[in-house]
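Novice: Mind looking over this structure? Questions follow.
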Amino acid sequence: MHAASDTIGVWPIVLRAVNDNGATVGDAETFRLRSSNVGQLIWLVLGLGSAGLLVAIVLRTRGKVRERFGSGSRTDTESSPDPTTDDTGVGHQ
């Protein structure tokens, strides 16, 4: 079932169950339905906010992983200190 409204408001709705032949089964139920165009805007805002949050989580996680394990571009010589230099970087023999 699809329902649409171009205006906002509260609408009385009558719901009737029918069988495959279209004959009414049981009693009809009446309820009030509130329509609003704000609903679409809310879904848009929620979707954009969720996408932004997901991007932020991915970027932060990626940064933390690189910080912890390195970027993968270091070689064995870069990770170990040079034995011919002291802490100041000045070479000695």
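The values are calculated or read from the model by the stated rules, or taken from the named source; none is laboratory data. On a predicted model such as this, the values are computed, not experimentally measured, just so you know. Every residue, glycine among them, receives a Cβ derived from its backbone with ideal geometry; neighbour counts consider all protein chains shown.
Novice: Collect the residues in the stretch 28-69 that are small (Gly, Ala, Ser) and in contact with a Leu (Cβ under 8 Å, 6 or more places away or on another chain), keeping them in residue-number order.
Specialist: First pass over the stretch 28-69, keeping only residues small (Gly, Ala, Ser): 28, 35-36, 39, 47, 49-52, 56, 63.
The one that is small (Gly, Ala, Ser) and in contact with a Leu (Cβ under 8 Å, 6 or more places away or on another chain): Ala28.
Novice: How many residues are within 14 Å of Gly9 (Cβ to Cβ) and loosely packed, with under 10 Cβ neighbours inside 10 Å when one looks only at the stretch 20-42? Break it down into steps so the answer makes sense when it comes.
Specialist: Step one: filter the stretch 20-42 for residues within 14 Å of Gly9 (Cβ to Cβ), giving 32-39.
Of the ones still in play, those that are also loosely packed, with under 10 Cβ neighbours inside 10 Å are 32, 38.
Number of matching residues: 2.
Novice: For Gly49, are the conditions met, namely being small (Gly, Ala, Ser) and assigned to a helix (DSSP H, G or I)? Reasoning before the result, please.
Specialist: Values: small (Gly, Ala, Ser): yes; assigned to a helix (DSSP H, G or I): yes.
Yes: the conditions hold for Gly49.
Novice: Taking the stated definitions as given, is Leu48 surrounded by 10 or more Cβ atoms within 10 Å (Cβ to Cβ) and either at pLDDT 90 or above or acidic (Asp, Glu) (or both)? Let's see the steps before the verdict.
Specialist: Working: surrounded by 10 or more Cβ atoms within 10 Å (Cβ to Cβ): yes; either at pLDDT 90 or above or acidic (Asp, Glu) (or both): yes.
Yes, satisfied.
Novice: Just to be sure before I move on: is Trp43 among the aromatic types (Phe, Trp, Tyr) and without any contact (Cβ under 8 Å) to a residue 12 or more places away in the chain in the structure I sent? Outline the logic, then answer.
Specialist: Details: among the aromatic types (Phe, Trp, Tyr): yes; without any contact (Cβ under 8 Å) to a residue 12 or more places away in the chain: yes.
Yes: the conditions hold for Trp43.
Novice: Return a yes/no flag: does the stretch 74-83 have any residue that is assigned to a strand (DSSP E or B) and modelled with pLDDT under 80. Don't jump to the end; show me each part of the working.
Specialist: So in the stretch 74-83, the residues assigned to a strand (DSSP E or B) come out as none.
For the stretch 74-83, residues assigned to a strand (DSSP E or B) and modelled with pLDDT under 80: absent.
Novice: Kindly list, by first and then second residue, each pair from a residue in the stretch 1-17 that is among the small types (Gly, Ala, Ser) to a residue that is in a loop (DSSP other than H, G, I, E, B), limited to pairs with Cβ atoms under 8 Å and residues at least 6 apart or on different chains.
Specialist: Nothing qualifies.
Novice: Moving on to the next point. Quick check on Val14: is it surrounded by fewer than 10 Cβ atoms within 10 Å (Cβ to Cβ), modelled with pLDDT of 90 or more, not charged (D, E, K, R) and not in a loop (DSSP other than H, G, I, E, B)? Break it down stepwise before answering.
Specialist: Working: surrounded by fewer than 10 Cβ atoms within 10 Å (Cβ to Cβ): yes; modelled with pLDDT of 90 or more: yes; not charged (D, E, K, R): yes; not in a loop (DSSP other than H, G, I, E, B): yes.
It is true that Val14 is surrounded by fewer than 10 Cβ atoms within 10 Å (Cβ to Cβ), modelled with pLDDT of 90 or more, not charged (D, E, K, R) and not in a loop (DSSP other than H, G, I, E, B).
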